[in-house]
Amino acid sequence: MTTSVTITDHELPDETHNLYTVTVSVAGDPAPSSPTTFTCLLTNSPTHLTDWLAALPLPPPGPTKTIVGLDVEWRPNRSPRDDHPIATLQLHLLETHSVVFQILHSPTIPEALTEFLNDERLVFVGVGIEEDIEKLVCDYGVSMKAEVRDLRTGEGTKGLGLTGLAKRVLGMDVVKNKRVGMSRWDMFWLNSDQVKYACFDAFLSWKIGEALLNDDARLDWSKPLVAFFAVGEA
C-alpha cells in the first residue's frame with residue numbers, strides 16, 4: 001500500500017513555536033483506509049511544551065498503557081570526532097497528538113517533560129530507542145523510568161528499520177527522504193520537509209506499536225527491553 005504524507009505550514013508569526021497540519025494517506029490493495037490528519041506542534045519553548053503535555057487526554061492508570069512513539073534527530077556526525085547533541089525530540093500518541101521539541105534550542109528542560117518520561121501510564125516505542133534514550137540522558141541529563149520497548153523485538157523484525165517494519169507490520173510502503181534525514185537538524189529554523197520527516201517517524205513508531213500491542217504473538221510485551229534510564233546509569 002502506497003503511503004503519502006502532506007504537510008501544511010500555518011506560518012505563525014512567533015519565534016518559539018509553529019503549527020503544521022499533517023495528513024497521512026494510504027492507497028492500494030486492500031482498500032485504502034481513511035487518511036489520518038493531525039496537528040503537529042514545533043517548539044523550542046519549555047512553556048509551550050508544558051502546555052501541550054498538560055492538554056493530553058491521558059487515561060487514568062490501568063492495565064493497558066498508552067503507547068508513545070518516540071524518535072530523535074541530531075546534526076549528522078561527519079567525522080569520528082563529531083558527537084553532536086540531540087536537536088529534536090519527537091513524540092506521537094493517542095493517534096492525533098504530535099510534537100517536535102527543539103530541545104537543543106530550549107533554554108531549559110521543562111519539569112513537565114521529565115514527569116512525562118517517567119509516567120508509569122506510558123510505554124515508549126521506537127526503532128533503536130535504547131540508543132536514543134541513552135543519548136538523551138547523556139546529552140541533557142534527563143531521567144526516564146517509564147517502559148521503553150524496541151519495535152524490532154518481534155518475530156521476523158530483527159535488523160529491520162522503520163520503513164521495513166511499516167511494510168511488514170502495517171503493509172505500508174514508505175519511502176524516506178535520505179537528504180532530509182541527513183540535514184542540519186541543529187538549525188534554529190527547521191523547514192517543512194524536516195518537520196514532516198520528524199513527526200512522521202514518531203507517528204509510524206506509534207502506529208506500529210499499536211499494531212504490535214494488539215497482536216501479542218508478534219511482540220512479547222511482558223519483557224521490557226529497557227527497565228529504566230536515570231542520570232549516570234545509561
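The values are calculated or read from the model by the stated rules, or taken from the named source; none is laboratory data. Fair warning: this is a prediction, and the values are worked out from it, not measured in the lab. Note: ideal-geometry Cβ built from the backbone for every residue, glycine included; neighbour counts use all protein chains shown.
Pairs under 7 Å by beta carbon, first residue closer than 12 Å to Pro76 by Cβ in the range 179-190, partner at pLDDT 95 or above and in a loop (DSSP other than H, G, I, E, B), six or more apart or different chains?
Met182/Pro76; Arg184/Arg75; Trp185/Arg75; Asp186/Arg75; Asp186/His84
Name the single residue that is surrounded by the most Cβ atoms within 10 Å (Cβ to Cβ) among those in the range 134-163 being touching a Ser or Thr at 6+ places or on another chain (Cβ under 8 Å) and within 20 Å of Leu204 (Cα to Cα).
Only one residue tops the list, namely Leu151.
Using the structure shown, decide if Trp206 is assigned to a loop (DSSP other than H, G, I, E, B) and either closer than 18 Å to Leu41 by Cα or modelled with pLDDT of 95 or more (or both).
No, not satisfied.
Name the one entry in Lys223, Lys158, Lys176 that is part of a loop (DSSP other than H, G, I, E, B), modelled with pLDDT under 95 and closer than 21 Å to Val100 by Cα. Outline the logic, then answer.
Numbers: Lys223 fails: closer than 21 Å to Val100 by Cα; Lys158 fails: closer than 21 Å to Val100 by Cα.
That would be Lys176, the only listed residue that is part of a loop (DSSP other than H, G, I, E, B), modelled with pLDDT under 95 and closer than 21 Å to Val100 by Cα.
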